[in-house]
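K.L.:
One structure, as structure tokens, below. Some questions next.
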There are 2 protein chains.
Amino acid sequence: MTITTKVTGTANLDYVFNPESVAIVGISSNGNEINVARLYLEAILSCNFEGRIYPVSTRGGEIQGLKIYTNVRDIPGSLDYVICCIPAPSAPQLIKDCAAKGVKVVHLLTAGFSEDGTEEGRRLEAEIRDIARQGGVRLIGPNCMGVYCPKTGLSFAPDFPRESGSVAFISQSGGNAMYFTRLAAQRGVYFSKAVSYGNACDVDESDVLEYLMADPETDMIAAYIEGVKDGKRFSRILKEVTRMKPVVMIKGGRTEAGGRAAASHTGALAGSVEVWNGLLRQTGVISVPTLEELADALVTFLHLPVPQGRRLGTIGIGGGATVVAADNYVSAGFVLPSLPQEMQRKLRSIVPSDVGLSLNNPVDISGQFEGADVYPVVRAVADYSGIDILVFHLPLSIVPIFSSFPEGIATSILDAVIRVHNETTKPMAVVINNFTDGESWQTALNCQRKCQEAGIPVYFSINSAASAIDRFLRYHENRGRLTG
Amino acid sequence: MTITTKVTGTANLDYVFNPESVAIVGISSNGNEINVARLYLEAILSCNFEGRIYPVSTRGGEIQGLKIYTNVRDIPGSLDYVICCIPAPSAPQLIKDCAAKGVKVVHLLTAGFSEDGTEEGRRLEAEIRDIARQGGVRLIGPNCMGVYCPKTGLSFAPDFPRESGSVAFISQSGGNAMYFTRLAAQRGVYFSKAVSYGNACDVDESDVLEYLMADPETDMIAAYIEGVKDGKRFSRILKEVTRMKPVVMIKGGRTEAGGRAAASHTGALAGSVEVWNGLLRQTGVISVPTLEELADALVTFLHLPVPQGRRLGTIGIGGGATVVAADNYVSAGFVLPSLPQEMQRKLRSIVPSDVGLSLNNPVDISGQFEGADVYPVVRAVADYSGIDILVFHLPLSIVPIFSSFPEGIATSILDAVIRVHNETTKPMAVVINNFTDGESWQTALNCQRKCQEAGIPVYFSINSAASAIDRFLRYHENRGRLTG
């Protein structure tokens, strides 16, 4: 056993994400009681963890055909990774046992440390950190959900997807990590790894960021951060990582009230708003205020080719809807160029009944509910060199005949959009909106999946699309990559 | 037959909303073809129109047991209201026949008039208007969905609710009228009457506004307006009506591109942005950019008692979620006062495991998923005189055990909130968010209904709540009604 002290700048955390064996401490085999340790067992089983799994409880017994060990030291062979779900006062002894066993990483779900604001909490956190450092054990947490790595099968909820993706997510908050992993999956965004790191008494946001910077499986980083352990180091690493990969971040505790809540939540010092704003601006971090906008940003960065500029063309259904869309895009900083007369004539020749329809930009294709009719309109607008990006709107509730478009009609329209997307190089996006019942929401999710598979970003409101695409453009404008 | 010329200032449109008989012109009895006239028949039947109904078509025949007349003049007895679904070139003769028959109102769904931008379209519109005025017939439209009045059974979509409410909605756009009537119903907002008035060649936005100002069944007015016929008159009436009833409005065509689309859509001249902004500000119209925000505004005005000020207390589930909520409320202009030490101690004595929880403001009740546990916390915060409004957050996806809270858990939590709402006078609102699948959306809709029935406004994101409540407060602040 070697004694590892914390070394900055060389954060190879491979062993955090690739354990060959996992012990879950604090498990209850009594199915009638809610037991978070058992949830971890279910989570890694359903995520196809292929290594050895050891449930641990002082009560012993058996669960899901697995022997429950009474102490990690009794586990035969090597042990890489331990998930600690026992109360805080028992944690120091567990870390000692883990050190003796040669465990590399202990993740502590356990709360009741520095975040509780008491002297005892702070003392206990310092104690486990010291034991871990002396014993060569790295700690994740305490007070966090831990690690999700679909490739190796680490997970913290049984319903998390098994699919890996190219986005890494780090979150100081467990609840946000939980919701956002699900939200991202629903939006077709999958993770290379996600880390909910809570109080970060050992492995902290800087360590993880530094690791992700070099991680070949991660192309982009999403982060929810309340406060940092070492401002200087974080600042240096953030500057490096943002040079290599886009980073989208929610800074939790941007306000006095938010910061107060963050202090109770993860013991984080939220830091000065001005310092944070300066850092985020300087490093080109894409800063967002909500998790939904974080998801919109990821969808955009993953799927939208970089438009040459802000000239936006839009095609939708419904006169008033089209007017409102145009107004909101312009308010968000886009330009909606008028289409050339010749092109308007062309559109007029395509659309059989053009009464009451705008065939300029925005284009209104009301009444065209079959892909065969929609295709030539979308194609014509996509082919026009005077627009940099084309956004297609599918409002599900707009006509008298259907309270909400049946899925067949919606997908037939989208087939035409997808066909144009496949045939041209124009950056394209789709907005599916107007949900008035549970059915329309399900239709929207299914339609979204169809577009995702074709690589087209989908948003659920015009303002979501406008904000996300605007952020994407600003990111690239700031990097001087725009030619238009 | 008396000749009615347009008289301003005496717009009694009772006969528009209370016809004793309706003829629908242009009906097809062939069930295999989509026929909008037939949809009107279905719409008024399903809305329980109790007057006489006469389908009309040159082809004659029968539909749903009703004789199809070949001309409105052949209909026996009096005829009040005609819905015109035949092509534009046939409209002048129909209006002549209606005048001869003594019809009071003709609504023209028919498009192809001034909005198509041609000389012929403008000529045709002038022609029908002149015939109507000479014949004492009022026109709604052309190029619009017409009138929805659940009390008398006029309607323009078969799925519209039969319930009446206290909000009137006027919309220059038919599609927006369609979607918004459904969206409002989903949000528990019902209409006294809705008018989609399109090109407004005779009855225009000013006439309807003036009527609604005096309508005892209307407490509040929502509007989607692209352009007005007579700016001076509109401005005068808007000033009057806003003194009596709140008016929430989307101004369509706020931008050059939006205005261009509006011109094609309803032939409206969108007018100068500056003039509009000045008018809306001067009259205290609540201006919103999207239909979703229009719905949020109505929900707020209908259900939220006027808070004494901007001191907001918030209770939620999840540390990170609570931090993000606090930040967003503060960014939207609210103040989140710190709770007194004594009260924090009280909360700490109520919440059994307070580890990692903020029990200040925002309050985090993670782990309290039973109404019995939630009630005392909500009650304590509601009772605190240092806050003016209490917003409760129910994020549906936040814990590992459920990908989304089962409805039973969600409603048990909300029961506690509703109980406090019933027992206290504190203005309260609920945010239900974190939707990651179709099921969670359905749970949200059901939970919303529960709160609606209790008279608590519900929003589906923190930013929706923050924007809507902020608009509501600004409305009352501008009227000097706040004491705090």
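Read-outs: derived from the displayed coordinates by stated rules, not from any lab. Given the structure is predicted, the values throughout are model-derived calculations rather than measurements. Cβ coordinates were reconstructed from backbone atoms using ideal geometry, including for glycine residues, and neighbour counts include every protein chain displayed.
K.L.:
To the nearest 500 deg cm²/dmol, what mean residue ellipticity at 222 nm is calculated for the protein assembly as shown from DSSP H runs of n ≥ 4 alone, each contributing -39,500 (n - 2.57), summed and divided by the residues?
P.N.:
-13000 deg cm²/dmol
K.L.:
Then there's this: Quick check: residue separation of A:Asn71 and A:Asp383 times 0.36 nm, minus the Cα distance between them. What number comes out in nm?
P.N.:
Roughly 105.6 nm would be gained on extension.
K.L.:
Round to the nearest 10 and give me the degree value, 0 to 90, for the angle of helix B:319-331's Cα axis relative to the longest principal axis of chain B.
P.N.:
60 degrees
K.L.:
When Cβ neighbours within 10 Å are restricted to other protein chains, what is their mean count per residue of peptide A:165-176?
P.N.:
4
K.L.:
Using a cut-off of 11 Å between beta-carbons, work out the net charge of the residues near B:Val105 (Lys and Arg +1, Asp and Glu -1, B:Val105 not included). List each step's numbers first, then the result.
P.N.:
Working: positive: B:Lys104, B:Arg138; negative: B:Asp14, B:Asp80, B:Asp202.
Around B:Val105, the charge tally is -1.
K.L.:
If you count, for every residue in A:182-190, the Cβ atoms of partner chains within 10 Å of its Cβ, what is the mean?
P.N.:
Counting other chains' Cβ atoms within 10 Å and averaging over A:182-190 gives 3.
K.L.:
Under 5 Å between amide H atoms, partner at least 5 residues away or on a different chain: which partners does A:Leu394 have, H built in plane at 1.01 Å?
P.N.:
Answer set, sorted by chain and number: A:Val431, A:Ile432, A:Asn433.
K.L.:
Further question: Using the Karplus equation 6.51 cos²θ - 1.76 cosθ + 1.60 (θ = phi - 60°), what ³J(HN,Hα) coupling, rounded to whole Hz, does each residue of segment B:176-190 give in order, writing x for Gly and Pro?
P.N.:
Coupling constants for segment B:176-190: 5, 5, 5, 4, 5, 4, 5, 4, 4, 4, 4, 8, x, 10, 10 Hz.
K.L.:
Kindly provide log₁₀ I(q)/I(0) values, in the same order as q = 0.07, 0.10 Å⁻¹, from the Debye equation applied to equal alpha-carbon scatterers of the protein assembly as shown.
P.N.:
Log-scaled intensity ratios, in q order: -0.63, -1.14.
K.L.:
Go through A:393-405, A:38-50 and give me the packing order, highest mean Cβ count within 10 Å leading.
P.N.:
Packing order, densest peptide first, comes out as A:393-405, A:38-50.
K.L.:
Quick one: Cα centre-to-centre distance for segment B:310-324 and segment A:423-441, in angstrom?
P.N.:
Each part reduced to its Cα centre gives a spacing of 31 Å.
K.L.:
Between A:Val335 and A:Glu477, how many nm apart are label points set 7 Å from Cα along the C-beta direction?
P.N.:
In this crude label model, A:Val335 to A:Glu477 measures out at 1.1 nm.
K.L.:
Sorted from fewest to most neighbouring beta carbons within 10 Å, what does the list B:Cys451, A:Cys98 look like?
P.N.:
With the sparsest Cβ surroundings first, the list reads B:Cys451, A:Cys98.
K.L.:
Here's something else I'd like to know. Under the rule of at least 5 residues apart or a separate chain, name every residue whose amide H is placed under 5 Å from the amide H of B:Leu154.
P.N.:
Amide H neighbours of B:Leu154: B:Cys149.
K.L.:
How crowded by other chains is A:326-333, given as the mean number of beta carbons from other chains within 10 Å of each beta carbon?
P.N.:
The per-residue average across the peptide is 6.
K.L.:
Now for a separate question. Go through segment A:69-85 residue by residue and turn each phi into a ³J(HN,Hα) via Karplus (6.51, -1.76, 1.60, θ = phi - 60°); whole Hz please, and just put x for glycine and proline.
P.N.:
Along segment A:69-85, the couplings run 7, 8, 8, 4, 5, 7, 5, x, x, 6, 9, 9, 9, 10, 9, 9, 10 Hz.
K.L.:
Please order B:Lys232, B:Lys245 by the number of other Cβ within 10 Å, starting at the fewest.
P.N.:
B:Lys232, B:Lys245
K.L.:
Based on the Cβ-Cβ distance of B:Arg348 and B:Asn446, what FRET efficiency does E = 1/(1 + (r/R0)^6) give at R0 = 41 Å, to the nearest 0.05? Can you show the working numbers first?
P.N.:
Details: r = 33 Å, r/R0 = 0.81.
According to the calculation, E is roughly 0.80.
K.L.:
For A:Lys193, A:Lys101, which order do you get if you count the other beta carbons within 10 Å of each Cβ and list the fewest first?
P.N.:
Listing A:Lys193, A:Lys101 from fewest to most nearby Cβ atoms yields A:Lys101, A:Lys193.
K.L.:
Which entries of A:Lys96/A:Lys229; B:Lys193/B:Lys245; A:Lys346/A:Lys450; B:Lys101/B:Lys151; B:Lys104/B:Lys251 show an alpha-carbon separation above 19 angstrom in the structure shown?
P.N.:
A:Lys96/A:Lys229; A:Lys346/A:Lys450; B:Lys101/B:Lys151; B:Lys104/B:Lys251
K.L.:
Would you grab the residues whose amide H sits under 5 Å from the one on A:Ser366? Only those 5+ places off in sequence or on another chain, please, with H modelled 1.01 Å from N.
P.N.:
A:Gly318
K.L.:
May I pose another question? Using a 10 Å cut-off on Cβ atoms, rank the peptides B:86-92, A:20-26 from the highest mean neighbour count down.
P.N.:
A:20-26, B:86-92
K.L.:
When the Karplus curve 6.51 cos²θ - 1.76 cosθ + 1.60 is applied with θ = phi - 60°, which whole-Hz ³J(HN,Hα) does each residue of segment A:422-436 get, with x for Gly and Pro?
P.N.:
Rounded to whole hertz, the list is 6, 8, 10, 10, 5, x, 10, 9, 10, 10, 10, 9, 6, 9, 10.
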